[in-house]
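Below is one structure, written out as structure tokens, with a few remarks after it.
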Amino acid sequence: MKISGAEIIIESLKQEKIECMFGYPGGVVIPIFHHLFDAPFKFILSRHEQGAVHAADGYARASGKVGVVLATSGPGATNLVTGIATAYMDSIPLVVFTGQVSREMIGNDAFQEVDITGITRPITKHNYLVQDIQDLARIIKEAFHIASTGRPGPVVIDVPVDISKSMYKFSYPDTVSIRGYKPVTSGHPIQIERACKLIESAERPVVYAGGGVVISNASDELREFIRKTGIPITTTLLGLGIYPETDPLSLEMLGMHGTYYANHAVNQSDLLIAIGARFDDRVTGKISEFIPEAKVIHIDIDPASVSKNVMVDVPIVGDCKQVLSEINKVIRPPKIDRWLETVAGLKRDNPLTYEMSERGDIKPQYVVEQIYKQTGGDAIICTEVGQNQMWAAQFYKYTRPRTFISSGGLGTMGYGLPAAIGAQLAVPGKRVFDIAGDGSIQMNIQELIVATQHRLPIIIAILNNGFLGMVRQWQQLFFDRRYSHTCLAFAPDFEKLAVAYGAVGITVKKLEEVIPAIDRALSITDRPIIIDFHVSKEENVYPMVPAGKSIKETIMRELA
Amino acid sequence: MSQHVISVKVENKSGVLARVAGLFSARGYNIDSLTVSTTELEDISIMTIVVKGDDRVLEQVKKQLNKLIDVIKVSDHIGATSIQRELALVKVSAVPSKRSEIFQLVEIFRAEIADISAKTMTLGVKGSPEKVDNFIELLRPYGIKELLRTGRISLSNQ
């Protein structure tokens, strides 16, 4: 029996057992939407295609499953670009369907035509333009495989409308065979042996672990490794939660706004064990002074990440989970008691801190701390990008993977709200926050209605300082306090805006209102809540290692 | 900056060349020469790319090439371990009084006279890139009107 291309897409998605799809209709995808109407999985209608792709990304990060998106050709497709790039930078598995004009019109500047495979080539793991309906089911199978294996990433499938309408017999392949794509998952035994020797003889080792540990679900293996070796551990922004930050061996986050003790421990180390992390410039600062005395072991599934920024002594290409379990079988602890004392001293003497305001202003860090306390650390925290993101990373203590969801590599403002929608759909039983700034929340505020529609009790905590705070901070510190176009003096009334969207709006202007507002928000379970916290206007994120500088130049607090 | 001859075995389908070329252009690298054609297997093509660049950056480019789904194998052919050939067509001024000198060069280089007109000769030469370079240099004094090279192909002899 022959079915249409549109039906083949729906049947393939059923075979992939997807739970939900995010998207927005348009001319050339009407045939697909025609069959989506009675599909057995949920379809979440965004209010802008960027919202759909970020929501799919948030869903993927919270669930570990592939996020699926559908948008139309032309502007529908180009509106996805920022979201696809966001997922690509953070290695998030997405399968993104775009409609395309019919095959005979391609290249003719047809209405709503863009070359989306061309546009997304450098920001996808792979992409396809379907040119023959015979290939459609195989392409979908391959796309899910490519998106979710190896180093994951987004895959775009561009489907011309005549393919959606033409008829073909459906058969979904059981297996995938791509001769140019065979990711290595198990580490080389000799490399693992060399790594173990280095670890056992190290005097000042530090583990530096990142998003790769989240992706490979290797948090348990990582914890076992730390338990067996007693080595202190710092994580990247995307690694928050893979090791409990409440544990004495945790040095929390490193990097530009990392803790003093994480950065200094790494800097003084004689062995850095990098696991699923890629030596981003926001982590290393001035690369020549990053780890002057350390040998480096690097466990990563992506060979192109190894020795990219920092030369590695023992590369282990493989899946973090598999490699760590191999190491855990044989590793013996190094003798590092003196080092642990040094590290404990660094931690004790240089805590992450901020000063409460004498005038009673609400400090943004205080708000984040209270969110941590009132939720018992059991929430999923999504963030926007900028100061809000850094304070959310610093002052909430993450103890489980997939509980901190943020655009790390691309740094996409407007990510947090749609990502929170995706995360809440993936994990209905948890409270989901979007810690936001007054700038970034306005970038995808239209998605709020989606949360209302699906009765998602997302709590949007706006740290409202009337500024594009991170850029203002740089202007203050490095550009003579010329606050060029970073003051958001004109802003909407967020409480009224919440009400207009069918959400609950709460405005908080006094310190003593912070905790009751969070508690009230937590008591609401059938609609989204915006809490507009009016916080100190010119609070800065510290510590700060200025871009491209070494940790010796770290700014610890406000200069008088 | 050193010269690299990168041989990329790829799936013979549309879009692959753009993916491969994109990795070079994204880093601001100009490809000096590029040849693409099918191999003994018609669903596989080989691209031979000649490019100058920093060794470390090109190491990274090669790893990125390997990551492309449509790329099957990447190898860097360094002079001694591969056979490299190129073809050039040269249209050179050749007034009758100079023709015998040019004939001699054609003879020595085992080149071919592809066309001849009242004032010009068009010569074809094939061989190693060095041989082609030498031939062109020796023709230069006569006045080269037009010059085309195919870009090199390179076969590993390992």
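The values are calculated or read from the model by the stated rules, or taken from the named source; none is laboratory data. Given the structure is predicted, the values throughout are model-derived calculations rather than measurements. Because the Cβ atoms are built from the backbone with ideal geometry, glycine has one as well, and the counts that use them run over all protein chains shown.
Taking into account only those residues within the range A:423-436 that are in a helix (DSSP H, G or I) and touching a strand residue (DSSP E or B) at 6+ places or on another chain (Cβ under 7 Å), which is surrounded by the most Cβ atoms within 10 Å (Cβ to Cβ)?
Among them, the one singled out is A:Ala423.
Can you find even one residue in the range A:59-80 that is in contact with a His (Cβ under 6 Å, 6 or more places away or on another chain) and crowded, with 19+ Cβ neighbours inside 10 Å?
no
Between A:Ile84, A:Ile10, A:Ile92, A:Ile18, which is crowded, with 18+ Cβ neighbours inside 10 Å and in contact with a His (Cβ under 7 Å, 6 or more places away or on another chain)?
Answer to the check: A:Ile10.
Can you work out which of the residues in the range B:1-11 that are touching a residue at least 60 places away in the same chain (Cβ under 8 Å) and touching a helix residue (DSSP H, G or I) at 6+ places or on another chain (Cβ under 7 Å) is nearest to the other protein chains (Cβ to nearest Cβ)?
Looking at the filtered set, the residue picked out is B:Val10.
B:Val51: in contact with a Phe, Trp or Tyr (Cβ under 7 Å, 6 or more places away or on another chain), away from chain A (no Cβ under 14 Å) and either surrounded by fewer than 18 Cβ atoms within 10 Å (Cβ to Cβ) or within 25 Å of B:Gly124 (Cα to Cα) (or both), yes or no?
Against the criterion (in contact with a Phe, Trp or Tyr (Cβ under 7 Å, 6 or more places away or on another chain), away from chain A (no Cβ under 14 Å) and either surrounded by fewer than 18 Cβ atoms within 10 Å (Cβ to Cβ) or within 25 Å of B:Gly124 (Cα to Cα) (or both)), B:Val51 qualifies.
Go through the range A:292-324 and report how many residues are of a type outside the set (A, V, I, L, M) and either within 13 Å of chain B (Cβ to nearest Cβ) or touching a Phe, Trp or Tyr at 6+ places or on another chain (Cβ under 9 Å) (or both).
Of the residues in that region, 9 qualify.
Quick grid of which residues meet (1) of a type in the set (Gly, Ala, Ser); (2) in a helix (DSSP H, G or I); (3) closer than 26 Å to B:Ser2 by Cα:
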{"residue": "B:Arg56", "(1), (2), (3)": "no, yes, yes"}
{"residue": "B:Gln60", "(1), (2), (3)": "no, yes, yes"}
{"residue": "B:Gln64", "(1), (2), (3)": "no, yes, yes"}
{"residue": "B:Leu87", "(1), (2), (3)": "no, no, yes"}
{"residue": "B:Glu130", "(1), (2), (3)": "no, yes, yes"}
{"residue": "B:Asn134", "(1), (2), (3)": "no, yes, yes"}
{"residue": "B:Leu139", "(1), (2), (3)": "no, yes, no"}
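Out of the residues in the range B:121-158 that are under 10 Å from the mean Cα position of the chain (by Cα) and hydroxyl-bearing (Ser, Thr, Tyr), state the one that is nearest to B:Ile108 (Cα to Cα).
Result: B:Ser128.
Any residue at all in the range A:395-409 that is touching a Pro at 6+ places or on another chain (Cβ under 9 Å), at pLDDT 95 or above, among the hydrophobic types (A, V, I, L, M, F, W, C) and surrounded by fewer than 23 Cβ atoms within 10 Å (Cβ to Cβ)?
yes
Can you tell me which residues in the range B:31-47 are free of Cβ contacts under 8 Å to residues at least 24 places away in the same chain and either within 10 Å of another protein chain (Cβ to nearest Cβ) or in contact with a Phe, Trp or Tyr (Cβ under 8 Å, 6 or more places away or on another chain) (or both)?
B:Ile31
Among the residues of the range B:67-101, write down those that are within 14 Å of chain A (Cβ to nearest Cβ) and surrounded by fewer than 16 Cβ atoms within 10 Å (Cβ to Cβ).
Selection gives B:Lys73 alone.
Could you grab the pairs with beta carbons closer than 6 Å, sequence gap of 6+ or different chains, first residue in the range A:153-175 and under 17 Å from A:Gly76 (Cβ atoms), second one surrounded by fewer than 17 Cβ atoms within 10 Å (Cβ to Cβ) and of a type in the set (A, V, I, L, M)?
No pair meets every condition.
Examine the range B:47-58 for a residue that is under 16 Å from A:Gly180 (Cα atoms), at pLDDT 95 or above and either among the acidic types (Asp, Glu) or within 20 Å of the chain's Cα centre (by Cα) (or both), and state whether such a residue exists.
Yes, that holds for at least one residue.
Checking A:Ser102 against (1) over 23 Å from A:Ser440 (Cβ atoms); (2) among the hydroxyl-bearing types (Ser, Thr, Tyr); (3) within 14 Å of chain B (Cβ to nearest Cβ); (4) touching a residue at least 60 places away in the same chain (Cβ under 8 Å), only one condition comes out false. Which one?
With respect to (1) over 23 Å from A:Ser440 (Cβ atoms); (2) among the hydroxyl-bearing types (Ser, Thr, Tyr); (3) within 14 Å of chain B (Cβ to nearest Cβ); (4) touching a residue at least 60 places away in the same chain (Cβ under 8 Å), A:Ser102 is out only on (3).
Within the range A:153-173, take every residue that is in a helix (DSSP H, G or I) and aliphatic (A, V, I, L, M) and give me the one that is nearest to the other protein chains (Cβ to nearest Cβ).
If we take residues in the range A:153-173 being in a helix (DSSP H, G or I) and aliphatic (A, V, I, L, M), then A:Ile163 is nearest to the other protein chains (Cβ to nearest Cβ).
Tell me which residues, restricted to the range A:514-539, are surrounded by 17 or more Cβ atoms within 10 Å (Cβ to Cβ) and more than 26 Å from the chain's Cα centre (by Cα).
A:Val514, A:Ala517, A:His534, A:Ser536 - these are the residues of the range A:514-539 that are surrounded by 17 or more Cβ atoms within 10 Å (Cβ to Cβ) and more than 26 Å from the chain's Cα centre (by Cα).
Do any residues in the range B:12-27 that are at the interface with chain A (Cβ under 8 Å from one of its Cβ atoms) have Cβ atoms under 8 Å from those of residues that are loosely packed, with under 15 Cβ neighbours inside 10 Å, where the two are at least six apart or on different chains, and which pairs are they?
B:Ala18/A:Gly118; B:Gly22/A:Pro122; B:Ala26/A:Pro122
Looking only at the range A:293-324, filter to residues that are β-branched (Val, Ile, Thr) and in contact (Cβ under 8 Å) with a residue 40 or more places away in the chain; which one of those is surrounded by the most Cβ atoms within 10 Å (Cβ to Cβ)?
Out of the qualifying residues, it is A:Ile299.
Suppose we keep only residues that are of a type in the set (A, V, I, L, M, F, W, C) and within 14 Å of chain B (Cβ to nearest Cβ) within the range A:174-208. Which one would you say is farthest from A:Lys14 (Cα to Cα)?
Looking at residues that are of a type in the set (A, V, I, L, M, F, W, C) and within 14 Å of chain B (Cβ to nearest Cβ), I get A:Val184.
Of the conditions (1) surrounded by fewer than 21 Cβ atoms within 10 Å (Cβ to Cβ); (2) more than 19 Å from the chain's Cα centre (by Cα); (3) within 14 Å of chain B (Cβ to nearest Cβ), A:Glu289 fails just one. Which one is it?
The one condition A:Glu289 does not meet is (3).
Using the structure shown, decide if A:Ala209 is in contact with a Lys or Arg (Cβ under 8 Å, 6 or more places away or on another chain) and at pLDDT 95 or above.
no
Please go through the range A:183-218 and give me each residue that is surrounded by fewer than 22 Cβ atoms within 10 Å (Cβ to Cβ), among the hydroxyl-bearing types (Ser, Thr, Tyr) and either touching a helix residue (DSSP H, G or I) at 6+ places or on another chain (Cβ under 8 Å) or closer than 18 Å to A:Ser250 by Cβ (or both), ordered by number.
A:Thr185, A:Ser186
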